Amino acid sequence: MKEKKIILSEQEMPRKWYNIQADMPNPIQPPLHPQTKKPAGPDDLSAIFPMQLIEQEVSDQRWIDIPEEVLEIYSQWRPSPLHRAYKLEKALGTPARIYYKNEGVSPAGSHKPNTAIAQAYYNKEAGVKRLSTETGAGQWGSALALGCNYFGLECSVYMVKVSYHQKPYRKSMMEVWGADVHASPTDMTQSGRDVLAKDPDSLGSLGIAISEAVEDAAGKKDTNYSLGSVLNHVMLHQSIIGLECKEQFKLVNDYPDFVIGCCGGGSNFAGVSFPFIHDKIRDDRPVRAIGVEPQACPTLTKGAFTYDFGDVAGYTPLLMMYTLGHDFMPNGIHAGGLRYHGESPLVSQLCKDGLIEARAYGQQGVFEAALTFARTEGILPAPETAHAIKAAIDVALECKEAAEEKTILFNFSGHGHFDLTAYDAFLAGNIKDIEYPQGLIDQSIASLEKLL
């Protein structure tokens, strides 16, 4: 009998999120107030977040119920399918089994609605009328626009300027769902005007866009801020990815030796890997979790583990994380969602403790992997997702060299239907490897000594 190529998760969707803070051997350090540098409490965060999200941010409860209203919207595309990549395996000649969790089936085309829907729900429950946010490649902005549309909230998105021009149809998608989209840095906020005064041609960064969105929210009583990655409650909401994977693997009597995800702020990597790291911590399962980032923004592989702001202007609390420094200005690579100077505190602490590992790749190898995947499995990946594909291919080839029948899982975090200009550039030979100079990284990190 021919094996099933898609594991169509017919089991019930998970009804609880998994909170890894309950199981970490070393807890993360508390966020610090940006002015006093003292540990920030719930009251310090209440100006821009609803209390239920703040409670999730600091919770050490292992399982947290998913609201029925959120589950109802999730059910439009969840459980998402887990695919076995038979054609890719054959092309590589590897004895490894390669699976990918297809988060590109969501309405927004990525994993981001898993937290966008939840955040819009909790803000609606708190009486908030409007949300402001940033977006890099546009996947998060699209997802939050969708969530706000479902719950009747207004939405303003500050989109990193280089991506605003590279990916115009992401902007169109946000506007279809009712969001206002601005190319960041703008002249609408003080933080944006400050950047433009120094560099009128600034391509922007996620750190700048976060400053603008936070400033927007803090200045309006009816507005809260929403973040698509980095924070603990975002990692919590994304855990539904890995929880579904665990149930799907039971259907085929398999379990991954490697769990892989691309890594910008950490949300999709955490979502697919944290439920398996739970097994590694509590049951000593020998699973290897690999976060993959671009060489142009090597936060985990070359950053410093220290306190830093999450934004350029210094509006956010200081977070203990791997960082390249909040003044770090990444190149305009096409993987816009991975151009963030910092990393999730949870992912950072787990990396510091050796429970996860990191790899960094150049753009050319990443796009080559994307083409290999598209030409075998038939699905076009986003440039961010292609980083995970590159690592999965490399691991599969390592298994081939060692003649090992291992199981590899990677998170297909989003499709690349709005990234065809990037593929055009690659096919025309105009995509070059960019490795950020170590001297500039050292200079940016050195500036952090003044923060505390």
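The values are calculated or read from the model by the stated rules, or taken from the named source; none is laboratory data. Here the structure is a predicted model, which is why all the values come from computation and not from measurement. Using ideal geometry, Cβ is built from the backbone for each residue, glycine included, and neighbour counts are taken over all protein chains shown.
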Condition check for Lys129: surrounded by fewer than 23 Cβ atoms within 10 Å (Cβ to Cβ), among the basic types (Lys, Arg) and closer than 24 Å to Asp222 by Cα: yes
Val181, sole failed condition from (1) among the β-branched types (Val, Ile, Thr); (2) assigned by TED's automatic domain parsing to the domain that holds Leu206; (3) assigned to a strand (DSSP E or B); (4) surrounded by 24 or more Cβ atoms within 10 Å (Cβ to Cβ): (4)
Unmet criterion (only one of (1) part of a strand (DSSP E or B); (2) under 16 Å from the mean Cα position of the chain (by Cα); (3) surrounded by 24 or more Cβ atoms within 10 Å (Cβ to Cβ); (4) touching a residue at least 40 places away in the same chain (Cβ under 8 Å)) for Ile290: (3)
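Kindly state which helices (runs of 4 or more DSSP H) lie completely within the stretch 364-452 and contain at least 1 residues that are in contact with a helix residue (DSSP H, G or I) (Cβ under 7 Å, 6 or more places away or on another chain) and either at pLDDT 95 or above or aromatic (Phe, Trp, Tyr) (or both). Don't jump to the end; show me each part of the working.
Values: elements: 383-402, 420-427, 438-446.
Here the list reads 383-402, 420-427.
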The lone exception for Gly325 - which of (1) assigned to a loop (DSSP other than H, G, I, E, B); (2) at pLDDT below 90 it fails: (2)
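Given the options Asp424, Asp419, name the one that is of a type in the set (Asp, Glu), within 22 Å of Phe367 (Cβ to Cβ), in the same structural domain as Tyr307 (by TED's automatic domain parsing) and loosely packed, with under 12 Cβ neighbours inside 10 Å. Walk me through it before giving the result.
Details: Asp419 fails: loosely packed, with under 12 Cβ neighbours inside 10 Å.
Going through Asp424, Asp419 in turn, just one is of a type in the set (Asp, Glu), within 22 Å of Phe367 (Cβ to Cβ), in the same structural domain as Tyr307 (by TED's automatic domain parsing) and loosely packed, with under 12 Cβ neighbours inside 10 Å: Asp424.
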Residues within the stretch 144-164 that are within 18 Å of the chain's Cα centre (by Cα) and not in a strand (DSSP E or B), tallied: 5
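The rows are residues; the columns are (1) in the same structural domain as Phe274 (by TED's automatic domain parsing); (2) surrounded by fewer than 18 Cβ atoms within 10 Å (Cβ to Cβ); (3) closer than 25 Å to Val287 by Cβ.
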{"site": "Gln363", "(1), (2), (3)": "yes, no, no"}
{"site": "Ala369", "(1), (2), (3)": "yes, no, yes"}
{"site": "His387", "(1), (2), (3)": "yes, no, yes"}
{"site": "Lys390", "(1), (2), (3)": "yes, no, yes"}
{"site": "Leu397", "(1), (2), (3)": "yes, yes, yes"}
{"site": "Lys400", "(1), (2), (3)": "yes, yes, yes"}
{"site": "Ala403", "(1), (2), (3)": "yes, yes, yes"}
{"site": "Thr407", "(1), (2), (3)": "yes, no, yes"}
Test: residue in the stretch 252-260 that is surrounded by fewer than 23 Cβ atoms within 10 Å (Cβ to Cβ), on the phi > 0 side of the Ramachandran plot and outside any strand (DSSP E or B): yes
Residues satisfying the stated conditions in the stretch 216-262, i.e. closer than 12 Å to Trp17 by Cβ and of a type in the set (Val, Ile, Thr): Val234, Ile240, Ile241
Any strands (runs of 3 or more DSSP E) falling wholly within the stretch 6-89 and containing at least 2 residues that are without any contact (Cβ under 8 Å) to a residue 60 or more places away in the chain: 63-65
Residue tally, condition modelled with pLDDT of 95 or more and either out of contact with any helix residue (DSSP H, G or I) (no Cβ under 8 Å at 6 or more places or on another chain) or not hydrophobic (A, V, I, L, M, F, W, C) (or both), over the stretch 135-162: 9
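Take Leu448 and decide whether it is of a type outside the set (Val, Ile, Thr), touching a Phe, Trp or Tyr at 6+ places or on another chain (Cβ under 7 Å) and within 30 Å of Thr36 (Cα to Cα). Before the answer, list the steps.
Working: of a type outside the set (Val, Ile, Thr): yes; touching a Phe, Trp or Tyr at 6+ places or on another chain (Cβ under 7 Å): no; within 30 Å of Thr36 (Cα to Cα): yes.
No, not satisfied.
With respect to Gly207, determine if the residue is outside the structural domain of Ile117 (by TED's automatic domain parsing), at pLDDT below 95 and among the small types (Gly, Ala, Ser).
Working: outside the structural domain of Ile117 (by TED's automatic domain parsing): no; at pLDDT below 95: yes; among the small types (Gly, Ala, Ser): yes.
No; evaluated as a whole, the condition is false for this residue.
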Residue match in the stretch 53-60 (condition: buried (at least 18 other Cβ atoms within 10 Å of the Cβ) and more than 21 Å from the chain's Cα centre (by Cα)): no
Filter result for the condition that a residue is over 27 Å from the mean Cα position of the chain (by Cα) and assigned to a helix (DSSP H, G or I), over Asp187, Asp194: Asp194
Condition check for Lys302: among the charged types (D, E, K, R) and either at pLDDT 95 or above or surrounded by 24 or more Cβ atoms within 10 Å (Cβ to Cβ) (or both): no
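Name the single residue that is nearest to Ser273 (Cα to Cα) among those in the stretch 96-118 being in a loop (DSSP other than H, G, I, E, B) and without any contact (Cβ under 8 Å) to a residue 60 or more places away in the chain. Before the answer, list the steps.
Quick first cut of the stretch 96-118, residues in a loop (DSSP other than H, G, I, E, B) only: 96, 106-109, 111-112.
Retained after the next criterion (residues that are without any contact (Cβ under 8 Å) to a residue 60 or more places away in the chain): 106-107.
On the way: Ser106: 19, Pro107: 23 Å.
The extreme case among them is Ser106.
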